Amino acid sequence: MSPQNFRTRFEARKGLIGSFIKSPTYQPTEILGMMGFDFIVIDEEHAPFNRETVDMIILAAKAAGIAPLVRVPDIGGILSVIDCGATGVLVPHVKSAEIARQAVAACRYQKGSRGFSPSGRAGNYGTVTRHDHITSQDQSIAVLAMIEDPEALDVIDDIMAVDDLTGVFIGRGDLTTAFGASSPKDTVVTQAVATILAAAKRHNKPACMMVENAELAADFASQGATAFIIGSDQSLLKRGAKAASAEYAAFFSTHP
């Protein structure tokens with residue numbers, strides 16, 4: 001997939017799989033691109049990234065044909081990552097329509113407040129016209145509101161109705177913690193997720209979720225979710241290492 005096509009495919013409800021990137025290096029992104037993943041989400045909120053490492057990983061993503069999104073720590077972090085060429089942002093703690101509007105405005109030139117600069121990767125280093133840069137960026141940058149706070153459920157229709165908000169990412173883990181639940185499978189969490197997915201469907205907004213397996217993805221797909229983050233570079237490494245360790249433990253038990 002061309003990285004520039006993420007928003008188009010997400011809005012068209014194409015099935016997409018992705019991974020968080022937690023390690024400040026570019027090789028995991030290259031590998032995920034080679035393995036056919038559709039997108040990555042560089043986790044600036046919870047992992048040790050600076051602008052230089054984000055820039056490097058976005059370059060690797062574009063070279064590997066995988067769409068680079070960034071989970072920014074806050075709205076103030078949006079400009080730097082989209083100037084570096086990110087094709088979308090996950091904006092945490094969107095609890096109100098006003099926060100959603102601010103996030104969208106930070107990503108848009110026209111009808112927004114994005115600072116103009118075509119001199120970086122997003123503007124092909126100044127080789128495109130002002131008009132083409134503004135138009136292509138406004139059309140391609142995906143803005144996903146992270147719904148992870150109980151307060152957001154009270155105004156979920158207002159959030160979904162925000163003009164030019166691309167879609168939502170549902171933070172099941174954060175909702176679990178916020179509700180004081182013991183598991184994402186607890187009723188209070190599953191009902192919250194169902195409420196968010198139903199609102200997304202009413203407002204024709206695509207939804208992305210993090211899932212542990214394809215069976216769980218199928219359940220949420222039946223409720224309208226179409227994009228799934230299936231782990232992180234670290235969790236995928238851990239999963240593969242655990243399987244290999246078990247395999248060779250069995251081997252050595254029969255070959256002392």
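Read the figures in this text as sums done on the coordinates, not as results from a lab. Fair warning: this is a prediction, and the values are worked out from it, not measured in the lab. Note: ideal-geometry Cβ built from the backbone for every residue, glycine included; neighbour counts use all protein chains shown.
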Counting helices only, and only those DSSP H runs with n ≥ 4, report the 222 nm mean residue ellipticity of the chain as the sum of -39,500 (n - 2.57) divided by its residues, in deg cm²/dmol to the nearest 500. -14000 deg cm²/dmol
Once fully extended, how much extra length lies between Ala194 and Asp164, figured as 0.36 nm per residue of separation less the alpha-carbon to alpha-carbon distance? 8.5 nm
Which net charge results for the neighbourhood of Val162, defined as the other residues with beta-carbon distances under 13 angstrom from its beta-carbon, given Lys and Arg at +1 and Asp and Glu at -1? 0
Return the label of the correct value of mean projected area of the Cα convex hull in nm², as calculated from the structure shown, out of (i) 13.4; (ii) 15.0; (iii) 16.6. (ii)
Label-point separation in nm, Ala63 to Leu237, each point 7 Å along Cα→Cβ: 1.9 nm
What size of dipole, in debye to the nearest 20, comes out for the chain about its Cα centre when the only charges are +1 on Lys and Arg C-beta atoms and -1 on Asp and Glu C-beta atoms? 540 debye
Roughly speaking, what is the stretch gain from Thr135 to His203, that is 0.36 nm per residue apart minus the C-alpha to C-alpha distance, in nm to one decimal? 22.0 nm
In the neighbourhood of Ala225 defined by beta carbon distances under 12 Å, the net charge of the other residues (Lys, Arg +1; Asp, Glu -1) is +3
Within the chain, what is the longest stretch that has no trypsin sites (Lys or Arg not before Pro) placed in a DSSP loop and near at most 14 other beta-carbon atoms within 10 Å? 1-110
For Ser117 paired with Leu153, estimate the spin-label separation in nm (one decimal), with each label point 7 Å from Cα along the Cα-to-Cβ line. 4.1 nm
Relative contact order for the range 129-256: what is it in percent, counting Cα pairs under 8 Å that are at least 6 residues apart? 19 percent
Can you say what percent of the DSSP beta bridges in the chain, counting only those with both residues inside, are antiparallel? Round to 5. 0 percent
Using only alpha carbon pairs under 8 Å that are at least six residues apart, calculate the relative contact order of the chain and give it in whole percent. 19 percent
Within 12 Å, Cβ to Cβ, of Gly115, how many net charges do the neighbouring residues add up to if Lys/Arg are +1 and Asp/Glu are -1? +1
